[in-house]
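Trainee: The structure follows.
No value in this document is a laboratory result; all are computed from the given coordinates. These numbers come from a predicted model, not from an experiment. Cβ: placed from backbone, ideal geometry, glycine included. Neighbour counts: every protein chain shown.
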Amino acid sequence: MPQVNRKLADRIALLGFRQAELARRINAEIELLTGKTGNVTDADVRRWVRGATKWPQERIRLCLERVLSARAEDLGFVPREKSTVRPEEDPVHRRALLAAASGPVLAVGASGTSGHERIGVNDVRRFHQEYVAILRHDDAGGGSPKVENLAVELASRIQSALALSTASTRVRDMLHRLAAEVISSAAFAAIDASAPHQARVHLDKALTFAGLARDSEATYHVWNYLTLTSSQRENHAEAVAGAEVMKRSSIARRDPLYASLGHMRNANGLARLRRQSEALRALNDAERAFARISDQQRPEWIRFYDSSEAEALSSFVWSALGDQGRAERCLHRALAAIPDGMVRNRALYTAHLSLAQARQEELELACATGRRVHMMLPSPFGSRRTVNTLAATREVLVASGSKAPEVVEWIKEFA
């Protein structure tokens, strides 16, 4: 009868993983290592913990080591006899896999406790460089499970570093802040994929790390996405409450850019609650704060909130209030100002432009605008928000009853 792998179970508990989450992070590592999505499930994790699987396949084992920051033997796995080792278990093969993987596996003693390696600011910088690369990847496409998995995997390694290493208070605060930002990025990828409940799971963890960092900017970052998840779940009263937290934060009091974004989120929630005068007042506050911003160093994540984003968010307010003409004008200004690298946002704003045009009964123009979106994001794994906006455009076109060839063809093509 198999014996429970107590070392593995204790390690999983120490790092706070659920079995399904551990499986997902291993799959993310497999994709980073091989370029192909892994197929590990929580059932596999349960077999490992029960002791039913003594020595997982090489690639899976290597990725498990990386996620848990420990060698397989120190996790209670028992190597096969040398006579039964398959070619893929050969040490040369393992070295090739290790060379393909990024970053070392932290050594862990046989007792299951860490060697307490010292980490410093340079380690934080290396983690930060990976985080910036994830943000750039998100800008280029958005909504991709790969973006979320990359963020989850990086957050896992930061969490492991915090659990297994020694560091100064300053470095630990930096790592806690970075973990909050990375997990928030995973949440945004889920939001962009129209998975708000999954995003909330990430954000609960992010809020904990932001609190441990005692950092108002990181906390604001989390609340920004909490507000978006509320809006995506059509809980606009909660979104307004979240925006109030953003507006009253210490970072919003110090920096008008943060104040502007808080007012803008508030305006969008109020508009959807049909509180027109309050929404317009909040929009005016957002615009006035934005006009006061200065050029200064800020975290990478908030750089999205530039003039193009401010115009786009304003368009959403006007659209919710029923003024599609003003919404369209804002979207044209947004598209004119957007940086070249923001492919995902350009596609999203263009989809909203198509919707605004359709709602003004400019049907053929809406079809032409909608086609441009698919030229920007040919991958089916792009932003789900963009896809949903095009679906809303299609609903307007169908409801119009138009028999114009361009409209009929567009409705069929994008069914």
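Trainee: Taking amide H positions as placed 1.01 Å from N in the peptide plane, with prolines and chain starts having none, which residues 5 or more places from Glu117, or on another chain, fall under 5 Å of its amide H?
Mentor: Thr166
Trainee: In whole Hz and in residue order, list the ³J(HN,Hα) couplings for the stretch 206-214 that follow from phi through the Karplus curve 6.51 cos²θ - 1.76 cosθ + 1.60, θ = phi - 60°; x for Gly and Pro.
Mentor: So the Karplus estimates, Gly and Pro as x, are 4, 5, 4, 5, 4, x, 5, 6, 6 Hz.
Trainee: Please list, in order along the stretch 335-340, the HN-Hα scalar couplings obtained from phi with the Karplus expression 6.51 cos²θ - 1.76 cosθ + 1.60 (θ = phi - 60°), rounded to whole Hz, x for Gly and Pro.
Mentor: Result, rounded to whole Hz: 5, 6, 9, 5, x, 4.
Trainee: To continue, here is another question. Please find the FRET efficiency linking Ala140 to Ala336, where r is the Cβ-Cβ separation and R0 is fixed at 25 Å, and quote it to the nearest 0.05.
Mentor: So the FRET efficiency works out to roughly 0.80.
Trainee: Another question, if that's okay. Cα gyration tensor of the stretch 303-415, axes a ≥ b ≥ c as square roots of the eigenvalues: rounded (a/c below 1.5), prolate (a/b > b/c) or oblate? Mind dumping the intermediate values first?
Mentor: Details: a/c = 2.19, a/b = 1.35, b/c = 1.62.
The shape class here is oblate.
Trainee: Same structure, new question: Ranked by Cβ crowding within 10 angstrom, fewest neighbours first, how are Glu244, Glu409, Glu153 ordered?
Mentor: Glu409, Glu244, Glu153
Trainee: Could you give the length gained on full extension between Glu364 and Ser250, defined as 0.36 nm per residue of separation minus the Cα-Cα distance, in nm?
Mentor: Working: separation 114, 0.36 × 114 = 41.04 nm, distance 4.78 nm.
Stretched fully, the Glu364-Ser250 segment lengthens by 36.3 nm.
Trainee: Obtain the radius of gyration and the Kirkwood radius of the stretch 6-79 from its C-alpha atoms and give Rg over Rh.
Mentor: Details: Rg = 11.0 Å, Rh = 12.0 Å.
Rg divided by Rh gives 0.92.
Trainee: Follow-up. Name the long-range amide H neighbours of Ser194: under 5 Å, sequence gap of 5 or more, or other chain; modelled H, no Pro or chain starts.
Mentor: Residues meeting the amide H criterion: Arg384, Arg385.
Trainee: For the pair Asn39/Arg71, report the inter-label distance in nm, with labels modelled 7 Å from Cα in the Cβ direction.
Mentor: With each label point 7 Å from Cα toward Cβ, the separation is 3.1 nm.
Trainee: How big is the dipole moment of the chain about its Cα centre under a simple scheme where the beta carbon of each Lys and Arg is +1, that of each Asp and Glu is -1, and everything else is neutral? Debye, nearest 20, please. Present the calculation step by step, with values, prior to reporting the outcome.
Mentor: Details: 59 positive and 49 negative charges, 186 e Å.
I would put it at about 900 debye.
Trainee: At a temperature of 37 °C and a viscosity of 0.692 mPa s, determine how fast the chain diffuses translationally according to Stokes-Einstein, using the Kirkwood radius over alpha-carbon pairs as Rh; express D in µm²/s, rounded to the nearest whole number.
Mentor: D = 141 µm²/s.
Trainee: Another question, if that's okay. For Ile26, Ile134, what's the fewest-to-most ordering of other Cβ within 10 Å of each Cβ?
Mentor: Ordered by Cβ neighbours within 10 Å, fewest first: Ile134, Ile26.
Trainee: Right, another one. Could you tell me how far the Cα centroid of the stretch 275-352 sits from the Cα centroid of the stretch 212-235, in Å?
Mentor: Using only Cα atoms to place each centre, the spacing works out to 18 Å.
Trainee: Where in the stretch 172-259 are there trypsin sites (Lys or Arg not before Pro) that are in a DSSP coil and have at most 16 other Cβ atoms within 10 angstrom of their Cβ? Intermediate results must be reported in sequence, preceding the final value.
Mentor: Numbers: sites: Arg172, Arg177, Arg200, Lys205, Arg214, Arg233, Lys247, Arg248, Arg253, Arg254; in loops: Arg214, Arg233.
Counting only loop positions with at most 16 other Cβ atoms within 10 Å, the trypsin sites (Lys or Arg not before Pro) in the stretch 172-259 are Arg214, Arg233.
Trainee: Work out the length of the dipole vector of the stretch 6-79 about its Cα centre, built from +1 on the beta-carbon of each Lys and Arg and -1 on the beta-carbon of each Asp and Glu, and round it to the nearest 20 debye.
Mentor: Working: 15 positive and 10 negative charges, 38 e Å.
For this selection, approximately 180 debye.
Trainee: Moving on to the next point. If you plug each phi of the stretch 347-355 into the Karplus form 6.51 cos²θ - 1.76 cosθ + 1.60 with θ = phi - 60°, what whole-Hz ³J(HN,Hα) values come out, in order, with x for Gly and Pro?
Mentor: Listing the rounded values in order: 5, 5, 5, 5, 5, 5, 5, 4, 5 Hz.
Trainee: What list do you get for His176, His352, His197, His374 if you sort them by fewest beta carbons within 10 Å?
Mentor: Starting with the residue having the fewest Cβ neighbours, the order is His197, His374, His176, His352.
Trainee: Identify the residues of the stretch 66-80 with backbone N under 18 Å of a label point that sits 7 angstrom from the Cα of Leu14 along the Cα-to-Cβ direction, or state none.
Mentor: Answer for this model: 66-78.
Trainee: Find how much the distance from Arg47 to Arg80 grows on full extension, using 0.36 nm per residue of separation minus their present alpha carbon separation; answer in nm with one decimal. Provide the component values of the computation, followed by the final result.
Mentor: Details: separation 33, 0.36 × 33 = 11.88 nm, distance 1.68 nm.
Stretched out fully, the Arg47 to Arg80 stretch lengthens by 10.2 nm.
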